[in-house]
Amino acid sequence: MKLLVASRRVSWRRQGGSRDTRCLVKNVDINLGKACNNRCLFCSNGDPTPEERRWCKLWDVREEIVRRRADGAESIGFLGGEPTLYPHIEQIVRFAREQGYRLVSLCSNASRMADKERLVRLLDAGVTRVAVSIHSHQARIEDGITGRKGSFYEKVLALANLVAERRRGRLPDGLSLNTVLHRKIVDHLEDFARCMQGIGIEDIRFNFIRPSHKAERSKAWVPSFEHTTPAVMRLVALNEAHLGLSLNFADFPLCKLPFQVLSNRTLLRRYVGENWDMTTDVTETAGDTPQGYNRFNWKIRRKEFKAYPPGCERCVLLTQCEGVWRKYLDIHGSGEFAAGPAVAEACMLSA
C-alpha cells in the first residue's frame, strides 16, 4: 500500500468546494522575525535574542517575494514570531498578490485580529488563508501556555471575527487551527474539537509537540504515544460519527497512529497531516545581520530533529515515515516502539 506522506500535498477548503480537492502547489514561507507578543512555553523560537527579534527590512522582504515567485511559487505564507506585528504586513501582503501569488496565508496567534477593523484591512490587502495557533479550549491553560493573561479571550474573539468574514466569502483558501498536541490537552481532544466547532471552526490540525524551550525535558507537557494514540482514536471516532471536521494529525510516527486508522486506506489519507502539506521552502530572515537569509526546505530540515528508534529499519513504512522527535526519545525512551514495525506490517497486509 502506498501512502501520500512523501508527496507533500495541500488541500484547502474553497467556497462550495470539498476537502478532497487537492492541488500540487509550490509554497514559500517567509519568517519576518521572531518578535512576538506571547511567550509560549513550548515555542521552538525559545527566548529570541534582540537580534532575532529585529524585523526584516521591507525591501528585503519584497525582494524575496519577487525571487520566490520567479522560482515558481504560487503560494506564500508569512510567519514569525507573530507576523501581524510586522509594521509593513499589509503592504507586503498586497505586494505578494500583485506579484501573482494566488494563496497568501498568515500563521498567527490571532491576538491582533480581535480588532475587527485590523482584520478587515488584512483581508482587503489580500490575505486568503489564516492558520490560528491555539492550544486549549480552557482560558487558564491557554494563558499559562502563552504567558499572557487574557490571550485566550483575545483568540476566541479573533476566531469569531474570522469565522464571520469567512462566511461572508472572505478567506477563500480557508481558516484553520494550528494546535500543538501536548500533555494538558491530550485527554480533552473531544472537548476541544466540540468547543472550536461551536465557534464555527471546520478545520483543525494537531501537531504532536516538539519538545522545545521550557517543555524540552518535561513529561508534564510531552505525553507518551502510549497515552496519546487512544485519545486520537476517540477523536477520530467522534469525528467520523458526528463532527465531520477537516481534521488531521502531524508529527506522528506512522506506527503510532491508531490501528483503525493505519489499517484503513481512506482514514490514513484523511488523518495523516503530512498528506495535506504543500511543498514548502522557507526563508528565515536575520534582520540586519551580515548573513541575511537562511533558506531551506522544511521537509528536509525537520528530519534533522527526528530519529528512527531501534527496530524501525525493518518496518515496511520506513521510507514514508519521518520518525519521532529526537528529544521525545530523551524523555520517554524507545521502548514503546518495539512493536511498531510489526503493527505497521500487519496493518499494511490487511489494508
### Query
Which of the residues spanning the range 121-139 are touching a helix residue (DSSP H, G or I) at 6+ places or on another chain (Cβ under 8 Å) and over 14 Å from Arg170 (Cα atoms)?
Val132, Ile134, His135, Ser136, His137, Gln138, Ala139
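Report whether or not Arg118 is closer than 18 Å to Gly81 by Cα, touching a helix residue (DSSP H, G or I) at 6+ places or on another chain (Cβ under 7 Å) and either not aromatic (Phe, Trp, Tyr) or not in a helix (DSSP H, G or I) (or both).
Working: closer than 18 Å to Gly81 by Cα: no; touching a helix residue (DSSP H, G or I) at 6+ places or on another chain (Cβ under 7 Å): yes; either not aromatic (Phe, Trp, Tyr) or not in a helix (DSSP H, G or I) (or both): yes.
Taking the combined requirement at face value, the residue does not satisfy it.
Can you tell me how many residues in the range 148-185 are in contact (Cβ under 8 Å) with a residue 60 or more places away in the chain and under 24 Å from Ala250 (Cα atoms)?
Of the range 148-185, the ones in contact (Cβ under 8 Å) with a residue 60 or more places away in the chain are 148, 151, 169, 172-174, 176, 178, 180-182.
Still in the list and also under 24 Å from Ala250 (Cα atoms): 172-174, 176, 178, 180-182.
Number satisfying all stated conditions: 8.
It is to be established whether one or more residues within the range 4-17 are at pLDDT 90 or above, outside any loop (DSSP other than H, G, I, E, B) and not aliphatic (A, V, I, L, M). Before the answer, list the steps.
Keep residues of the range 4-17 that are at pLDDT 90 or above, which gives none.
No: the range 4-17 contains no residue that is at pLDDT 90 or above, outside any loop (DSSP other than H, G, I, E, B) and not aliphatic (A, V, I, L, M).
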### Message
As an exercise: evaluate Val120 against (1) surrounded by 15 or more Cβ atoms within 10 Å (Cβ to Cβ); (2) touching a residue at least 12 places away in the same chain (Cβ under 8 Å); (3) within 24 Å of Glu202 (Cβ to Cβ) and give the number of the one condition it does not meet.
### Response
(1)
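Suppose we keep only residues that are surrounded by fewer than 21 Cβ atoms within 10 Å (Cβ to Cβ) and without any contact (Cβ under 8 Å) to a residue 40 or more places away in the chain within the range 100-111. Which one would you say is farthest from the chain's Cα centre (by Cα)? Lay out the reasoning, then the answer.
Of the residues in the range 100-111, the ones surrounded by fewer than 21 Cβ atoms within 10 Å (Cβ to Cβ) are 100, 102, 107.
Now narrow it down to the ones that are without any contact (Cβ under 8 Å) to a residue 40 or more places away in the chain: 100, 102.
Working: Gly100: 24, Arg102: 20 Å.
The qualifying residue farthest from the chain's Cα centre (by Cα) is Gly100.
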### Query
Pairs, please: C-beta under 9 Å, at least 6 apart or cross-chain, first residue farther than 22 Å from Asn161 by Cα and β-branched (Val, Ile, Thr) and in the range 186-206, second at pLDDT 95 or above and not in a loop (DSSP other than H, G, I, E, B)?
Val186/His227; Val186/Thr228; Val186/Ala231; Val186/Val232
### Subset of the range 184-213 (residues that are of a type in the set (Asp, Glu) and under 17 Å from Arg140 (Cα atoms))
Asp187, Asp191
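Yes or no, residue by residue, for (1) polar (S, T, N, Q); (2) at pLDDT below 95:
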position	(1), (2)
Pro211	no, no
Lys214	no, yes
Arg217	no, yes
Ala220	no, no
Pro223	no, no
Thr229	yes, no
Val236	no, no
His242	no, no
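Between Leu245, Leu268, Leu262, Leu254, which is out of contact with any His (no Cβ under 7 Å at 6 or more places or on another chain) and closer than 19 Å to Thr179 by Cβ?
Details: Leu268 fails: closer than 19 Å to Thr179 by Cβ; Leu262 fails: closer than 19 Å to Thr179 by Cβ; Leu254 fails: closer than 19 Å to Thr179 by Cβ.
That would be Leu245, the only listed residue that is out of contact with any His (no Cβ under 7 Å at 6 or more places or on another chain) and closer than 19 Å to Thr179 by Cβ.
Is it true that Ile76 is under 13 Å from Thr280 (Cα atoms), modelled with pLDDT of 95 or more and outside any loop (DSSP other than H, G, I, E, B)? Give the steps one after another, and end with the answer.
Numbers: under 13 Å from Thr280 (Cα atoms): yes; modelled with pLDDT of 95 or more: yes; outside any loop (DSSP other than H, G, I, E, B): yes.
For Ile76, the condition - under 13 Å from Thr280 (Cα atoms), modelled with pLDDT of 95 or more and outside any loop (DSSP other than H, G, I, E, B) - is met.
Kindly indicate which of Val236, Val222 is under 29 Å from Asp330 (Cβ atoms), within 18 Å of the chain's Cα centre (by Cα) and in contact (Cβ under 8 Å) with a residue 24 or more places away in the chain.
Numbers: Val236 fails: within 18 Å of the chain's Cα centre (by Cα).
Checking each option against the conditions leaves just Val222.
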### Task
Of the conditions (1) modelled with pLDDT under 95; (2) more than 30 Å from Thr49 (Cβ to Cβ); (3) surrounded by fewer than 15 Cβ atoms within 10 Å (Cβ to Cβ), Cys347 clears all except one; give me its number.
(3)
### Query
Which residues, counting only those in the range 48-73, are part of a loop (DSSP other than H, G, I, E, B) and among the basic types (Lys, Arg)?
Arg54, Lys57
### Query
Which one of the conditions (1) outside any loop (DSSP other than H, G, I, E, B); (2) out of contact with any strand residue (DSSP E or B) (no Cβ under 6 Å at 6 or more places or on another chain); (3) not basic (Lys, Arg) does Cys43 fail to meet, given that it meets all the rest?
(1)
### Restricting the range 319-339 to residues that are acidic (Asp, Glu) and closer than 13 Å to Lys306 by Cα, the residue that is nearest to the chain's Cα centre (by Cα)
Glu322
### Query
Name the residues in the range 245-261 that are among the hydrophobic types (A, V, I, L, M, F, W, C) and under 23 Å from Arg326 (Cβ atoms), would you?
Phe249, Ala250, Phe252, Leu254, Cys255, Leu257
### Task
Quick one: Leu157 ticks every box in (1) of a type outside the set (Gly, Ala, Ser); (2) closer than 25 Å to His88 by Cα; (3) crowded, with 19+ Cβ neighbours inside 10 Å except a single one, so which number is it?
(3)
### From the options Thr285, Thr280, residue that is closer than 30 Å to Asn27 by Cα, among the polar types (S, T, N, Q) and at pLDDT 90 or above
Thr280
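The values are calculated or read from the model by the stated rules, or taken from the named source; none is laboratory data. What you see is a predicted model; the values in this text were computed from it and never measured. Every residue, glycine among them, receives a Cβ derived from its backbone with ideal geometry; neighbour counts consider all protein chains shown.
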